[in-house]
Amino acid sequence: MNELDTHARDAAVRALADARRILALTGAGISAESGIPTFREAQTGLWARFSPEDLATPEAFACDPERVWGWYRWRRTLIARGGVNAGHEALAALERHRDVRIATQNVDGLHAAAGSSDIAELHGNIWRERCSACAANTTTAVAPADEDAPLPACSRCGAPTRPDIVWFGEMLPADALARAEQGLNEADCVLVVGTSNRVYPAAALVETAIAGPATVIEVNPEATPVSTAVDVALRASASHALPALVAALDAAPARR
Ligand code: NAD
Ligand code: ZN
């Protein structure tokens, strides 16, 4: 889709202009245009025969840490190569106009790289590592995106370290979830960008937003389970829709 539906775009701009606080709930789709595949897309190359559900689990790591690290190192390479796109940049630029918080399911760190200042990472961060055995001993060194380096080991107990990512079947970090919920309570406009709204409990945040008083705007080129329930559905890519919304706010008379 090249042109935003003008009726939906105008409604979205009005809601953003009227908002004091905005919460953006983002998922893999906002990073898709950085060349980082979403989980709904088929994996490519070496990894085509594995599904993320077979790699992003504690069981997969216990069984074959080399394979799991191979996949995450490949993803790190894609992220480092892709970098931020116009969608991440537009959310950072939105802070020129409004108080913006982000709660993301993404682990790629690209919102921070784009300059957003308030980010709750619901599923962790692929650039951090922690021990798989003595989990209390958390290391947060940013490792190089080296696909061939030896497996990282914990300096305290020698067990393999793992990416500091929430895998299927694991709990979300309580602090990130609490910040997302607070952001939701305080927001009068919620942007839902690039998420299929199928992975819980993150999808429950969107359901709470829809049930609450905030105006909910979805940005997604495809329909999702919540598309008919949101206030405004922009059927467009993040890198197209978000800069267009920010440009419209830039052009609007200042109002605080
Ligand atoms: P998902 O893969 O389930 O859904 C992606 C959604 O993005 C789809 O609805 C799709 O229509 C939409 N989309 C595709 N291209 C888009 C674009 N250009 N602009 C806007 N939307 C676009 O992703 P999810 O809902 O985030 O859930 C999947 C899980 O996978 C999460 O747990 C997440 O942690 C993980 N994941 C993270 C990354 C990352 O960090 N970049 C990448 C893949 C998966
Ligand atoms: Zn250890």
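The values are calculated or read from the model by the stated rules, or taken from the named source; none is laboratory data. Quick caveat: nothing in here was measured; it's all calculated off a predicted structure. So basically every Cβ, Gly included, is an ideal-geometry build from the backbone, and we count neighbours across all protein chains shown. The accessibility values were calculated without ligands, DNA or RNA, using every heavy atom of the protein model including side chains. Shrake-Rupley method; radii C 1.70, N 1.55, O 1.52, S 1.80 Å.
Counting the residues of the stretch 153-197 that are over 30 Å from V13 (Cβ atoms) and open to solvent by 60 Å² or more (accessible area, probe 1.4 Å) gives 9. Selection of first residues in the stretch 157-169 that are over 9 Å from H123 (Cα atoms) and charged (D, E, K, R) and of second residues that are more than 9 Å from ligand 1 (Cβ to nearest atom) and open to solvent by less than 20 Å² (accessible area, probe 1.4 Å), restricted to Cβ pairs under 9 Å at least 6 apart or on distinct chains, gives the following pairs, ordered by first then second residue: R162/F61; R162/V68; R162/W69; R162/Y72; R162/C131. Counting the residues of the stretch 88-108 that are assigned to a loop (DSSP other than H, G, I, E, B) and open to solvent by less than 20 Å² (accessible area, probe 1.4 Å) gives 2.
Looking across L242, L249, one residue alone is more than 16 Å from ligand 2 (Cβ to nearest atom), closer than 19 Å to G29 by Cβ and assigned to a helix (DSSP H, G or I). It is L242. Here are E59, E66, E41: which of them is over 21 Å from A247 (Cβ atoms) and in a loop (DSSP other than H, G, I, E, B)? Among E59, E66, E41, only E41 is over 21 Å from A247 (Cβ atoms) and in a loop (DSSP other than H, G, I, E, B).
Within the stretch 33-50, none of the residues are in contact with a His (Cβ under 7 Å, 6 or more places away or on another chain) and under 30 Å from G212 (Cα atoms).
Take the residues in the stretch 123-138 that are out of contact with any Asp or Glu (no Cβ under 8 Å at 6 or more places or on another chain) and of a type in the set (G, A, S), then tell me which one is nearest to ligand 2 (Cβ to nearest atom). Outline the logic, then answer.
First, the residues of the stretch 123-138 that are out of contact with any Asp or Glu (no Cβ under 8 Å at 6 or more places or on another chain): 123, 127, 131-137.
Next cut, of a type in the set (G, A, S) only: 132-133, 135-136.
Working: S132: 7, A133: 5, A135: 8, A136: 8 Å.
Of everything passing the filter in the stretch 123-138, A133 is nearest to ligand 2 (Cβ to nearest atom).
Annotation: of all residues in the stretch 4-57 being open to solvent by 60 Å² or more (accessible area, probe 1.4 Å) and within 11 Å of ligand 1 (Cβ to nearest atom), the one that is farthest from V230 (Cα to Cα) is E53.
Report, by residue number, each residue of the stretch 150-208 that is in a loop (DSSP other than H, G, I, E, B), charged (D, E, K, R) and over 24 Å from V226 (Cα atoms). Explain how you work it out, then say what you get.
The first filter runs over the stretch 150-208 and keeps only residues in a loop (DSSP other than H, G, I, E, B), leaving 150-152, 154-159, 166-173, 187-188, 194-201.
Of the ones still in play, those that are also charged (D, E, K, R) are 156, 170, 188, 198.
Within the stretch 150-208, R156, E170 qualify.
Is it true that some residue in the stretch 12-35 is under 26 Å from L249 (Cβ atoms) and free of Cβ contacts under 8 Å to residues at least 40 places away in the same chain? Yes, the stretch 12-35 contains at least one residue that is under 26 Å from L249 (Cβ atoms) and free of Cβ contacts under 8 Å to residues at least 40 places away in the same chain.
Restricting attention to the stretch 58-85, the residues being touching a residue at least 60 places away in the same chain (Cβ under 8 Å) and near ligand 1 (Cβ under 10 Å from one of its atoms) number 2.
Within the stretch 191-232, being in contact (Cβ under 8 Å) with a residue 24 or more places away in the chain, more than 15 Å from ligand 1 (Cβ to nearest atom) and of a type in the set (A, V, I, L, M) holds for A214, V216. Residues of the stretch 213-228 that are surrounded by fewer than 21 Cβ atoms within 10 Å (Cβ to Cβ) and farther than 28 Å from G169 by Cα: P213, P221, T228.
Does A135 fit the bill of being away from ligand 1 (no atom under 12 Å from the Cβ), among the aliphatic types (A, V, I, L, M) and at pLDDT below 95? In short, yes.
If the Cβ limit is 9 Å and pairs must be 6+ apart or interchain, which residue in the stretch 121-147 that is hydrophobic (A, V, I, L, M, F, W, C) pairs with which residue that is open to solvent by less than 30 Å² (accessible area, probe 1.4 Å) and modelled with pLDDT under 70? Within 9 Å, the pairs are W127/A143.
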